[in-house]
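S.K.: Take a look at this one; I'll ask things after.
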Amino acid sequence: MSAGHDVLPDPGVLPLPGAAATSLGMADRITEAILRNELSLVFQPQADVATGRLCGFEALVRWRLADGTEIPPDLFVPVAEASDAIFVLGEWVLRRACSTAARWLRTGMADVPVAVNVSARQLAEPGLARCVLGILAETGLPASNLKLELTETALLDGSAAVTQCLLELRGAGVQAVLDDFGTGYSSLALLRRVPLEGVKIDRQFVQAMVEQRDSAAIVHAVVSLAHALGLRVVAEGVETRDQLLFLRAYGCDRIQGYLLSRPLAEADVPGFIREIGAPPTA
Ligand code: C2E
Ligand code: CA
Ligand code: CA
Ligand code: CA
């Protein structure tokens, strides 16, 4: 093992983007990490702007090595996405998120949807709908308690097959939202073509909004456009009361961010729910 002062993990383990060799064997490393119990999920609450009530959680993956080093998802998710590891990782995240949400539901703790990030490569794979529905059946989570967060790239890539997959999932009751809205080549046609429940405004707009008129105009316009198309709007990265006041004035439906809560370890979710009051029952 490494010396005590080493803050970085073994270079063979740290998946640095750009170094092609590190992508090789990534699938094995992710599988190993799962077997060694190094992966976990944290859950970040979302609240309804009008009522202040809890209305869902986003599941976010964490990788903590045995020596305590945390590898940030921004580092290893893209590397996993460059290899088949994303399928192993993606399925693990889905299964863990669904089984956790199913337990919250069974124990009467929370009956709110959990949102799971789905990568472009997962969405492009023909088996995704079957995989998702299989995991719902296995964990006993109702389809309406799962949401998928998809990026624009993922939706642009797949066209007809992706739309078909999302229609099948929506038919079964699983909703999809468009993540990081505004950061990609936002195509307005996409919002009409793809069956979506809502859009998530990326935190870069939310955080620039109070100081920059342009960002404020974008956020306002996105909310209006989404509503005109019958879509819900979640703002992510909400850190201040001022940001919340702007979002409320624009009619944004839901917020997620440090103002409400940091992403929580599973064990801290019950305490959070007690603190903010009982969640709405469906
Ligand atoms: P994302 O989907 O845009 O997730 C939101 C990120 O913003 C999370 O970072 C979250 O911790 C962070 N965040 C939440 N509230 C605030 C806030 O008020 N202020 C600031 N500054 N940040 C906030 P995280 O957990 O580091 O995840 C980074 C990205 O990694 C995610 O961005 C997502 O693209 C990816 N990711 C995370 N978990 C998964 C996963 O299970 N599957 C896939 N495919 N991607 C994942
Ligand atoms: Ca997300
Ligand atoms: Ca984002
Ligand atoms: Ca993202």
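S.K.: Return the total of residues in the range 229-246 being away from ligand 3 (no atom under 16 Å from the Cβ), part of a loop (DSSP other than H, G, I, E, B) and within 20 Å of Phe272 (Cβ to Cβ).
M.R.: Within the range 229-246, residues that are away from ligand 3 (no atom under 16 Å from the Cβ), part of a loop (DSSP other than H, G, I, E, B) and within 20 Å of Phe272 (Cβ to Cβ) number 1.
S.K.: Give the residue that is modelled with the lowest pLDDT, with candidates limited to residues of the range 58-71 that are more than 16 Å from ligand 4 (Cβ to nearest atom) and of a type outside the set (Ser, Thr, Tyr).
M.R.: For the range 58-71, the residue satisfying everything is Ala66.
S.K.: When you look at Val112, is it under 23 Å from Glu236 (Cβ atoms), at pLDDT 95 or above, assigned to a strand (DSSP E or B) and not aromatic (Phe, Trp, Tyr), yes or no?
M.R.: No; evaluated as a whole, the condition is false for this residue.
S.K.: Of (1) of a type in the set (A, V, I, L, M); (2) within 16 Å of ligand 4 (Cβ to nearest atom); (3) part of a helix (DSSP H, G or I); (4) under 23 Å from Leu39 (Cβ atoms), Leu155 satisfies all except one. Which?
M.R.: Here Leu155 meets the rest and fails (4).
S.K.: Could you say whether any residue in the range 138-145 is over 23 Å from Gly230 (Cβ atoms), of a type in the set (S, T, N, Q) and within 16 Å of ligand 3 (Cβ to nearest atom)?
M.R.: no
S.K.: Just need a number here: residues in the range 187-239 that are free of Cβ contacts under 8 Å to residues at least 12 places away in the same chain and either on the phi > 0 side of the Ramachandran plot or not polar (S, T, N, Q) (or both).
M.R.: Residues in the range 187-239 being free of Cβ contacts under 8 Å to residues at least 12 places away in the same chain and either on the phi > 0 side of the Ramachandran plot or not polar (S, T, N, Q) (or both): 9 in total.
S.K.: All but one of (1) part of a helix (DSSP H, G or I); (2) open to solvent by less than 60 Å² (accessible area, probe 1.4 Å) hold for Glu58; which doesn't?
M.R.: For Glu58, the failing item is (1).
S.K.: Being open to solvent by 20 Å² or more (accessible area, probe 1.4 Å) and within 16 Å of ligand 3 (Cβ to nearest atom) is the filter here; which residues of the range 73-116 pass it?
M.R.: Within the range 73-116, Pro73, Asp74, Leu75, Val77, Pro78, Glu81 meet the criteria.
S.K.: So which of Ala226, Ala249 ends up being open to solvent by less than 20 Å² (accessible area, probe 1.4 Å), part of a helix (DSSP H, G or I) and either touching a strand residue (DSSP E or B) at 6+ places or on another chain (Cβ under 9 Å) or of a type outside the set (Ser, Thr, Tyr) (or both)?
M.R.: Ala226
S.K.: Sort through Ala226, Ala249 and tell me the only one that's more than 22 Å from the chain's Cα centre (by Cα) and more than 14 Å from ligand 3 (Cβ to nearest atom).
M.R.: Only one candidate passes the filter, namely Ala249.
S.K.: Which of the numbered conditions does Ala129 fail, given that it passes all the others? Conditions: (1) within 26 Å of Asp111 (Cα to Cα); (2) open to solvent by 10 Å² or more (accessible area, probe 1.4 Å); (3) touching a residue at least 24 places away in the same chain (Cβ under 8 Å).
M.R.: So the condition that Ala129 fails would be (2).
S.K.: Those residues that are exposed (fewer than 13 other Cβ atoms within 10 Å of the Cβ) and not in a loop (DSSP other than H, G, I, E, B), I need them from the range 181-195; list them, please.
M.R.: The answer is Leu188, Ala189, Arg192.
S.K.: Could you list, in sequence order, all residues of the range 196-212 that are away from ligand 2 (no atom under 16 Å from the Cβ) and not in a helix (DSSP H, G or I)?
M.R.: Met209, Val210, Glu211, Gln212
S.K.: What is the number of the single condition among (1) within 16 Å of ligand 3 (Cβ to nearest atom); (2) open to solvent by less than 30 Å² (accessible area, probe 1.4 Å); (3) in contact (Cβ under 8 Å) with a residue 40 or more places away in the chain that Glu152 does not meet?
M.R.: Exception for Glu152: condition (3).
S.K.: For the range 190-207, does any single residue satisfy the condition of being small (Gly, Ala, Ser) and either touching a helix residue (DSSP H, G or I) at 6+ places or on another chain (Cβ under 6 Å) or more than 16 Å from ligand 4 (Cβ to nearest atom) (or both)?
M.R.: No, every residue in the range 190-207 fails to be small (Gly, Ala, Ser) and either touching a helix residue (DSSP H, G or I) at 6+ places or on another chain (Cβ under 6 Å) or more than 16 Å from ligand 4 (Cβ to nearest atom) (or both).
The values are calculated or read from the model by the stated rules, or taken from the named source; none is laboratory data. Predicted, not measured: the structure shown is a model, and the values here were computed from it. Cβ: placed from backbone, ideal geometry, glycine included. Neighbour counts: every protein chain shown. Calculation scope for accessible area: heavy atoms of the full protein, side chains included, ligands and nucleic acids excluded. Shrake-Rupley method; radii C 1.70, N 1.55, O 1.52, S 1.80 Å.
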